[in-house]
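All remarks here apply to the structure that follows.
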Amino acid sequence: EKPFTTLKKALAETKQQRDAIEVGDAVVHWFRMDMRLGDNKALSIAAEKAKSKGMPLICIYILSPQDFRAHFTAPVRVDFLLRNLEVVQRDLAKLDIPLYMETIEKRKRIPARLIDLCKEWGAKHVYANMEYEVDELRRDATIVRECAAAGIAFDVLHDGCIVEPGMLTTNAGGQISVYSPWYRKWCKYIADHPDTLKEYLRPEQNPPEARQKYKALFDVPIPPVPEDRQLTDEEKERFHGLWPVGEDEAMARLNKFIKERIKVYHTNRNLPAGNHTSAISPHLTAGTLAARTCVRESLKAINKTVPTDDRENGSMKWIGEVAWRDFYRHVLCAWPYICMNVPFKPEYNNIEWEYNEEQFTAWKEGKTGYPIIDAAMRQVKHMAYMHNRVRMNTASFLAKHLMIDWRMGERYFMENLIDGDFASNNGGWGFCASCGVDPQPYFRIFNPLLQSEKFDESGEYIRKWVPELKDVKGKAIHDPYSRGAGAIASKNGYPKPIVNHKESRERCLARYKAGIGRA
Ligand code: FAD
């Protein structure tokens, strides 16, 4: 059974039981990837419930090192999360709402611990926003049932997706596997259900007795960073400067993007140099900002209420990109086997991959001799972030030029990105390696040189990230060794291309063809 179905069943089958549960002494909201007070569905509903009964709201956060290991969560992402948690704790405290935090090593202990805490606090209602990964859905299904049996109503709501998974189907009722028709249905769904973009209210002040009654919960320290997710002092300083935290920061970023750049997003979005995109992905991943908010606010700015499939309009094009995030989540819920290290397209299981450590290291270190690839790989090392166009180029280069198993690249991205997100990352890698849902056809192999000339024409992006080439003039920047800049490149220690484009292309076509043929 699909874990998404398991959870839906658990919710449906316990509904009556949960509805019959009388209010307790407090209502609980469980924070996960929704690090904000504004426009947060489960938090808002929990707060509303508490207020209507004159009860306090208690918030909790459970840190699970096992989940970090399972998802290869980057230390920088853990750090971003914990810094956001600090802001959430501070903002809640202003409303006299406590945030209880705890590290639980073994995730199977979470259900029992949650029940114990609820009993301790006299809470009989718990709310959380759904996480769509396999283990998380299964965990929630268990908790729904175990809580119900213990007289506690646990409700899991849709907040991470704008349109709930399972709502947009083919005529036969299945998940749509091609983005464009799926997106048209997504737009129509929002037009037909205006509540989809509704803004959820922030929680209000807790009743005055809350501080006294739950005193011990107010000064709980932020959970320590797990041993295997530590940053160095230098990394901390760098990432803290690059990525300020908090929902106010996220909103400010969104508003600035809408005001200054969204209008020309459709023309500039593919240029990795400069700031042409929103760089909001770390906030969407941590949940300091809701995707719903992004769509609503960008529509509001052009006096619209409904998105359309208009690729020549900057705002609509941007909304279409935000929708990709929903698309990959819907795909994950419908075809959860993609979580098991297998390609979406089973016929791509038989491709012969290389496991060349030396070339993999050259790729990771940004030393492939292809300047656009190297610039991008160094950007991710420095910023824990990479522009979408070059994410596509580097992923394609790994899978198709080096023929290195794309899953090694997928994992490396998760281990290093501040916005690492299973569904979007797996979707992106599947697209580039041609074995994912609605992918690039396998015979379409990006030529890194042409990509570089097209999207970084002046070489600004390369010069920023590959200092060895900063003195290379003109078009030689894209391919210094064959365009007369070999002397500068070699003097500065910049490597020669580790593979030849034409030969790699031919090898890739042959391997893919043979692999698919074997299926
Ligand atoms: P903008 O262009 O401003 O877009 C706004 C938002 O829309 C993004 O923040 C993101 O949430 C969403 N979005 C845009 N493009 C995509 C897309 N292709 N797929 C899914 N969502 C999208 N995105 C992640 O959030 N986490 C990942 O781990 C991740 N891994 C990727 C791996 C590969 C190989 C590829 C090709 C793409 C990956 N993406 C991932 C998608 C995309 O590259 C980033 O979301 C985007 O670059 C983030 O920058 P931005 O916020 O400026 O995007």
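Remarks
- Looking at Asp471, Asp456, just one residue is out of contact with any Phe, Trp or Tyr (no Cβ under 6 Å at 6 or more places or on another chain) and crowded, with 19+ Cβ neighbours inside 10 Å, and that residue is Asp456.
- For region 15-33, the set of residues classified as closer than 21 Å to Leu117 by Cα and not hydrophobic (A, V, I, L, M, F, W, C) consists of Gln17, Arg18, Asp19, Glu22, Gly24, Asp25, His29, Arg32, listed by residue number.
- Residue among Ile176, Ile162, Ile190, Ile152 that is among the β-branched types (Val, Ile, Thr) and over 30 Å from Tyr328 (Cβ atoms): Ile152
Yes/no per residue for (1) within 30 Å of Val245 (Cα to Cα); (2) in contact with a helix residue (DSSP H, G or I) (Cβ under 9 Å, 6 or more places away or on another chain); (3) at pLDDT below 95:
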| position | (1), (2), (3) |
| --- | --- |
| Asp374 | yes, yes, no |
| Gln379 | yes, yes, no |
| Phe397 | no, yes, no |
| His401 | no, yes, no |
| Glu410 | yes, yes, no |
| Leu417 | yes, yes, no |
| Phe443 | no, yes, yes |
| Phe446 | no, yes, no |
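- If you go through region 482-517 and keep only what is of a type in the set (Lys, Arg), over 17 Å from Met403 (Cα atoms) and surrounded by 11 or more Cβ atoms within 10 Å (Cβ to Cβ), you end up with Arg483, Lys496.
- Candidates in region 343-374 are the residues that are of a type in the set (D, E, K, R) and in a loop (DSSP other than H, G, I, E, B); of these, the one that is surrounded by the most Cβ atoms within 10 Å (Cβ to Cβ) is Lys367.
- Selection within region 307-335 - out of contact with any Cys (no Cβ under 7 Å at 6 or more places or on another chain) and surrounded by fewer than 20 Cβ atoms within 10 Å (Cβ to Cβ): Asp310, Arg311, Glu312, Asn313, Lys317, Glu321, Trp324, Ala334, Trp335
- Within region 259-280, the set of residues being farther than 16 Å from Tyr385 by Cβ and within 11 Å of the ligand (Cβ to nearest atom) comprises Arg261, Ile262, Tyr265, His266, Asn268, Asn270.
- Residue list for region 125-151, restricted to those being touching an Asp or Glu at 6+ places or on another chain (Cβ under 9 Å), buried (at least 23 other Cβ atoms within 10 Å of the Cβ) and farther than 30 Å from Glu321 by Cα: His125, Val126, Val144
- In the set (1) within 15 Å of the ligand (Cβ to nearest atom); (2) basic (Lys, Arg); (3) farther than 30 Å from Glu1 by Cβ, the condition left unmet by Arg325 is number (3).
- Single unsatisfied condition, Gln16 versus (1) farther than 29 Å from Arg211 by Cα; (2) in contact with a helix residue (DSSP H, G or I) (Cβ under 7 Å, 6 or more places away or on another chain): (2)
- Residue match in region 396-409 (condition: buried (at least 23 other Cβ atoms within 10 Å of the Cβ), under 18 Å from Leu284 (Cβ atoms) and of a type in the set (A, V, I, L, M)): no
- Residue that is surrounded by the most Cβ atoms within 10 Å (Cβ to Cβ) [pool: residues in region 176-193 that are among the aromatic types (Phe, Trp, Tyr) and under 21 Å from the mean Cα position of the chain (by Cα)]: Trp186
One line per residue, one yes/no per condition, for (1) within 16 Å of the ligand (Cβ to nearest atom); (2) of a type in the set (Gly, Ala, Ser); (3) modelled with pLDDT under 95:
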site	(1), (2), (3)
Pro203	no, no, no
Pro226	no, no, no
Leu231	no, no, no
Asp248	no, no, no
Arg253	yes, no, no
Pro282	yes, no, no
Gly287	yes, yes, no
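- Against the numbered list (1) assigned to a helix (DSSP H, G or I); (2) away from the ligand (no atom under 16 Å from the Cβ); (3) among the hydrophobic types (A, V, I, L, M, F, W, C); (4) in contact (Cβ under 8 Å) with a residue 12 or more places away in the chain, Phe443 comes up short only at (1).
- Qualifying position, being out of contact with any Cys (no Cβ under 8 Å at 6 or more places or on another chain), more than 30 Å from Tyr412 (Cα to Cα) and either surrounded by 20 or more Cβ atoms within 10 Å (Cβ to Cβ) or not basic (Lys, Arg) (or both), among Gln89, Gln66: Gln89
- Unique match (being in contact (Cβ under 8 Å) with a residue 40 or more places away in the chain and more than 20 Å from Pro272 (Cβ to Cβ)) among Met392, Met403: Met403
- Filter result for Val295 (in a helix (DSSP H, G or I) and either small (Gly, Ala, Ser) or surrounded by 17 or more Cβ atoms within 10 Å (Cβ to Cβ) (or both)): yes
- Among the residues examined, Ala148 qualifies as on the phi < 0 side of the Ramachandran plot and either at pLDDT below 95 or out of contact with any strand residue (DSSP E or B) (no Cβ under 6 Å at 6 or more places or on another chain) (or both).
- Residues in region 345-384 that are more than 29 Å from Lys491 (Cα to Cα) and among the hydroxyl-bearing types (Ser, Thr, Tyr) were compared, and the one that is farthest from the ligand (Cβ to nearest atom) is Tyr355.
- Within region 393-419, the set of residues being within 9 Å of the ligand (Cβ to nearest atom) and among the hydroxyl-bearing types (Ser, Thr, Tyr) comprises Thr394, Ser396.
- Positions within region 233-284 being among the aliphatic types (A, V, I, L, M), closer than 21 Å to Gly420 by Cβ, in contact (Cβ under 8 Å) with a residue 60 or more places away in the chain and assigned to a helix (DSSP H, G or I), in sequence order: Leu242, Ala250, Leu284
The values are calculated or read from the model by the stated rules, or taken from the named source; none is laboratory data. All figures in this text were calculated on a predicted structure; none of them were measured in a lab. Don't worry about glycine lacking a Cβ; one is built from the backbone with ideal geometry, like all the others, and counts go over all protein chains shown.
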